[in-house]
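Some notes on the structure that comes next.
Nothing in this text is a laboratory measurement; each read-out follows from the coordinates by a stated rule. Please read these numbers as outputs of a predicted model, since none were measured by experiment. When we count neighbours, we look across all protein chains shown, and the Cβ atoms used for this are built from the backbone with ideal geometry, even at glycine.
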Amino acid sequence: MGINAERADGTVIAKADGRIDSSNSREFHSELEAVVADSDAALVLDFEDVAYISSAGMRVILLTAKSLQKSGTKFALCSMDDSIREVFKISGFDKIIEIHQSQAEALSAVGA
Amino acid sequence: MTTTESGQKHKILVVDDEPDLEPLMLQRMRRYIRTGVYEFVFARNGVEALEALDMDESIDMVLSDINMPKMDGLTLLERIPDVAPDIRAVIISAYGDMKNIRIAMNRGAFDFVTKPVDFDDLKFTIDRTLQHIREWREALSARDKLVVLQNELNVASMMQQSILPNKFARNNDYKLFGTMQPARNVGGDFFDVVGLSDGKVGLAIADVSGKGVPAALFMMSSRTLLKGAAMRADGPGEALSEVNDVLNEDNDACMFVTMIYAVYDPETGELTYADGGHDPPLVVHADGSTTQLPVTEGLALGVLPGFDYHQHSHRLEPGDTVVLYTDGVTEAINSEEEQLGLHRLREAFEQNPPQDAEDAGHRVIDLVNDFAGDVPQFDDTTCLVLRREA
């Protein structure tokens with residue numbers, strides 16, 4: 001698991017990779033916290049290279065969504081493969097977190 | 001890290017019957033004694049050395065001659081573990097006395113120096129020995145911490161096992177069976193069976209986010225809340241809504257639990273269920289064909305207060321088997337890193353319809369174990385089965 005992030009005009013695009021599970025969810029959380037600042041307008045988290053996310057990883061997504069909501073930073077996820085999309089659908093997380101097909105769609109949705 | 005950098009004084013017990021060694025050692029090592037790196041204490045033979053080790057727990061290492069009256073250095077080596085098991089000894093031997101050096105090493109000496117003593121080499125040997133002792137102590141302390149952690153995990157694991165029903169009502173209308181195969185690092189799966197009024201029965205299966213002690217605690221409160229809500233609530237949707245609202249109070253840790261809660265009415269064969277962000281029930285018909293029941297568009301519990309959970313009803317036919325499972329089943333991984341997937345579960349039942357509820361439950365666990373092979377699984381594998389008999 002790792003995160004690569006770039007920032008342009010207050011929008012952070014973070015790309016995670018590998019498996020996100022209870023063995024590295026803490027690291028995932030601290031890396032995610034490190035790439036985004038309260039002053040950022042939006043965070044787009046790209047799942048293209050993520051192979052698996054467990055409930056421990058979903059919890060980090062939830063914590064991130066809640067803290068970004070407090071700082072008024074928009075948050076969107078994108079580019080999930082079908083099995084991960086299904087995890088977000090079954091858990092109902094797609095009802096509270098924006099998910100888009102592509103990075104371009106996510107960026108335009110957050111107004112970048 | 002050298003002794004100097006550690007900033008800690010090390011006490012070295014020197015054992016030799018030659019009275020000359022003590023002043024020589026104090027003189028040649030004076031710089032390190034003055035700066036507080038070493039402190040030397042002396043004994044004249046093995047008996048005195050054992051007494052000193054027994055009296056003074058702050059001694060870090062022993063530097064001993066071999067030939068001494070009363071008790072020689074080789075015998076001392078054998079006895080040290082009885083009084084001070086974590087101490088390391090360095091032997092001073094005559095030059096070229098390989099026989100005694102071999103015996104000393106075989107008896108657990110950490111290293112040796114030869115006479116006449118080269119004090120630069122001795123300093124190096126002492127530092128190397130002390131470095132080893134520090135690392136050894138760190139490893140011991142890490143091991144102790146691990147044991148504490150392991151004990152906590154064992155408590156969490158026992159808690160998890162102890163709340164699961166292990167006797168299932170058997171009657172002519174329906175049969176129940178549930179089983180959980182825990183992951184190595186304690187997940188947070190549970191299932192429950194609740195007797196309700198009018199002969200109805202409540203069935204719950206759940207998966208708490210994360211692992212270990214926090215997951216186990218969250219699991220306990222979820223299960224207790226559900227039991228209470230199941231008795232009071234008018235249907236599964238209302239029960240989940242109630243549990244969700246309570247779980248959302250003071251949930252700064254953002255823990256959550258996915259859950260199916262279903263109520264079966266043996267009078268009508270009607271199964272009414274609500275999903276809290278959990279895989280919907282799978283119905284296996286008598287001929288082995290399967291139907292996945294629709295989701296009720298729920299959300300994991302503990303995520304959003306005030307969420308309105310809906311429910312859905314499905315009529316079971318005699319011979320139908322409802323399989324509730326956690327994602328430890330469908331997300332089991334094989335050596336090729338493939339997921340087991342719902343399709344393999346359905347295929348397994350299609351090829352070989354279950355004989356009864358217990359057979360269906362065992363078949364789910366067997367399927368996971370056969371699929372996973374030697375690959376360690378990181379999630380609990382849990383299923384709860386109801387079969388309508390009549």
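See the values below:
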quantity: Set of aspartates and glutamates near B:Lys167 by C-alpha distance (under 14 Å), chain-local residues within fewer than 8 positions excluded; calculated: B:Asp192, B:Glu358
quantity: Tilt relative to chain B, helix B:73-83 - C-alpha long axis, 0 to 90 degrees, to 10; calculated: 40
quantity: Loop GluC sites (Glu not before Pro), region B:227-287 (other Cβ atoms within 10 Å of the site Cβ: 12 or fewer; DSSP); calculated: B:Glu249, B:Glu267
quantity: Between helix B:357-372 and chain B: long-axis angle, C-alpha atoms, 0 to 90°, nearest 10; calculated: 50
quantity: Neighbour-count ranking [beta-carbon atoms within 10 angstrom, fewest first] of B:Cys383, A:Cys78; calculated: A:Cys78, B:Cys383
quantity: For region A:107-112, 3J(HN,Hα) per residue [Karplus equation, 6.51 cos²θ - 1.76 cosθ + 1.60, θ = phi - 60°, Hz, x = Gly/Pro]; calculated: 5, 6, 5, 8, x, 8
quantity: Links that overshoot a 32 Å alpha carbon limit, given the list B:Lys9/B:Lys115; A:Lys70/B:Lys227; B:Lys175/B:Lys227; B:Lys70/B:Lys123; A:Lys95/B:Lys211; A:Lys66/B:Lys200; calculated: A:Lys70/B:Lys227; A:Lys66/B:Lys200
quantity: Which of A:Lys15, A:Lys70 has the fewest Cβ neighbours within 10 Å, and the rest in rising order; calculated: A:Lys70, A:Lys15
quantity: Cα-based shape type of region B:3-141, given that a ≥ b ≥ c are square roots of the gyration tensor eigenvalues and the cut on a/c is 1.5; calculated: rounded
quantity: Global geometry of chain A, whether rounded, prolate or oblate, following the gyration tensor of its Cα atoms and the 1.5 cut on a/c; calculated: rounded
quantity: For B:Phe42, distant residues with modelled amide H under 5 Å away; calculated: B:Val14
quantity: Contact order normalised by residue count of chain B, Cα under 8 Å, 6+ apart, percent; calculated: 13
quantity: Karplus 3J(HN,Hα) series, Hz, for region B:217-230 with 6.51 cos²θ - 1.76 cosθ + 1.60 (x for Gly, Pro); calculated: 5, 5, 4, 4, 6, 4, 5, 5, 4, 5, 4, x, 5, 4
quantity: Fully extended contour minus Cα-Cα distance, from B:Thr268 to B:Asp120, at 0.36 nm per residue; calculated: 44.1 nm
quantity: Chain B: proportion of alpha-carbon pairs further apart than 35 angstrom, %; calculated: 49
